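Taking it in order: structure first as structure tokens, then the write-up.
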Amino acid sequence: MNTKPAQNPEFAIEFRDVSYEIRDARNEKIDLARERSIVSHISLAISHSETLVLLGRSGSGKTTLLKLINRMLAPSQGQVLVEGRATTDCDAIRLRRGIGYVIQEAGLFPHFTVAQNIALVPSLEKWDHARTVARVEELLRLVGLNPAEFSSRKPRELSGGQRQRVGVARALAADPPILLMDEPFGALDPVTRAELQREFSALASRLKKTIVFVTHDIREALLLASRIALMEAGRLVAVAPPQDFLTHAHPEVQAFTNCLDTPTGGSQ
Ligand SMILES: Nc1ncnc2c1ncn2[C@@H]1O[C@H](COP(=O)(O)OP(=O)(O)OP(=O)(O)O)[C@@H](O)[C@H]1O
Ligand SMILES: [Mg+2]
């Protein structure tokens, strides 16, 4: 098996027949009939600078796929390649510093200020003070928060939407080429959510990063995706650009597109 990084990898991220299953204490595979295989036989290639949206019901395996990309989980079978290199051949810490990760519910450190939260990776990378301060200010402005007002606040002194903006700023801090975003706009009121979606969409086309964005909201997927990948019970059942997704024949796609007729837009 060739595990050397490719010089010019064709894809930013590639899943090659990846399965992930929970093993018991003796590290033996648990009987599949008991449905402990969390994701099965995933093959998916994600191009540089695309926004791939992972869509699926709760429990379908979306967060698991994100964790397989930054090696918080290692595949039980198959390979995940990042920039042409198998994640299991990479130093996990280095790999993660090159991948911004916005986790469900923002996941800020409560005892750190906004500025310290955003500066997390730059300080691990030992950036000098002036460069770090300038970067934090730049990012706060980018996500629409006034640095003078917000830098020294603690997460508990922010609204949910502001916390999520800080989570996005933190993920962007060291300018990683890849961003993983796990329902970053969940639990927001519909107006703020629509506002952040619009801002994010403009930001994504400006920043030219490879983005894997998780949601269970079909409207959000259609708005933001260059392609939508639909998960159902640990399997990838459809991958298509938004316009083709709407007419896809798979029943799970139709279950989602039917939600477009309802006022809530399929948030489950
Ligand atoms: N450590 C674990 N042990 C056992 N089962 C797990 C573990 N982690 C996840 N699962 C199960 O794997 C499945 C997929 O979980 P995952 O978190 O990837 O779903 P998801 O699509 O992100 O869901 P949601 O939309 O609710 O966040 C779920 O059924 C979950 O209960
Ligand atoms: Mg999840």
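The values are calculated or read from the model by the stated rules, or taken from the named source; none is laboratory data. Not measured: the values here are computed from a predicted model. Backbone-built Cβ (ideal geometry, glycine too); neighbour counts: all protein chains shown.
When only residues in region 167-177 that are in a helix (DSSP H, G or I) and in contact (Cβ under 8 Å) with a residue 60 or more places away in the chain count, which is nearest to ligand 1 (Cβ to nearest atom)?
Gly167
Quick one: would you say Ser151 is surrounded by 15 or more Cβ atoms within 10 Å (Cβ to Cβ) and either out of contact with any Phe, Trp or Tyr (no Cβ under 8 Å at 6 or more places or on another chain) or over 26 Å from Thr51 (Cβ atoms) (or both)?
Considered against the rule, which asks whether it is surrounded by 15 or more Cβ atoms within 10 Å (Cβ to Cβ) and either out of contact with any Phe, Trp or Tyr (no Cβ under 8 Å at 6 or more places or on another chain) or over 26 Å from Thr51 (Cβ atoms) (or both), Ser151 comes out as yes.
So Phe185 passes all but one of these: (1) free of Cβ contacts under 8 Å to residues at least 60 places away in the same chain; (2) within 16 Å of ligand 2 (Cβ to nearest atom); (3) out of contact with any helix residue (DSSP H, G or I) (no Cβ under 6 Å at 6 or more places or on another chain). Which condition number does it fail?
Failing condition for Phe185: (3).
What number goes with the only condition from (1) at pLDDT 90 or above; (2) within 13 Å of ligand 1 (Cβ to nearest atom); (3) of a type in the set (Asp, Glu) that Glu105 does not pass?
Only one criterion in (1) at pLDDT 90 or above; (2) within 13 Å of ligand 1 (Cβ to nearest atom); (3) of a type in the set (Asp, Glu) is unmet by Glu105, namely (1).
Filtering region 61-83 down to residues that are within 9 Å of ligand 1 (Cβ to nearest atom) and either assigned to a strand (DSSP E or B) or not aliphatic (A, V, I, L, M) (or both), which residue is surrounded by the most Cβ atoms within 10 Å (Cβ to Cβ)?
Step by step, filter region 61-83, then rank; the result is Lys62.
Testing Leu180 on (1) outside any helix (DSSP H, G or I); (2) in contact with a helix residue (DSSP H, G or I) (Cβ under 7 Å, 6 or more places away or on another chain); (3) more than 16 Å from ligand 1 (Cβ to nearest atom), one condition comes back false. Which one is that?
So Leu180 meets the others, but not (3).
Restricting to region 236-260, name every residue that is in contact with a Ser or Thr (Cβ under 7 Å, 6 or more places away or on another chain) and more than 24 Å from Leu66 (Cα to Cα).
Leu246
Take the conditions in a loop (DSSP other than H, G, I, E, B), of a type in the set (A, V, I, L, M) and under 19 Å from Gly107 (Cα atoms) and apply them to Leu139. Does it pass?
no
Looking at region 184-204, is at least one residue within 16 Å of ligand 1 (Cβ to nearest atom), surrounded by 15 or more Cβ atoms within 10 Å (Cβ to Cβ) and of a type in the set (A, V, I, L, M, F, W, C)?
Yes, there is a match, as at least one residue in region 184-204 is within 16 Å of ligand 1 (Cβ to nearest atom), surrounded by 15 or more Cβ atoms within 10 Å (Cβ to Cβ) and of a type in the set (A, V, I, L, M, F, W, C).
Could you pull out the residue among Ser201, Ser205 that is polar (S, T, N, Q), in a helix (DSSP H, G or I), at pLDDT below 90 and out of contact with any helix residue (DSSP H, G or I) (no Cβ under 7 Å at 6 or more places or on another chain)?
Working: Ser201 fails: out of contact with any helix residue (DSSP H, G or I) (no Cβ under 7 Å at 6 or more places or on another chain).
Within the list Ser201, Ser205, the selection yields Ser205.
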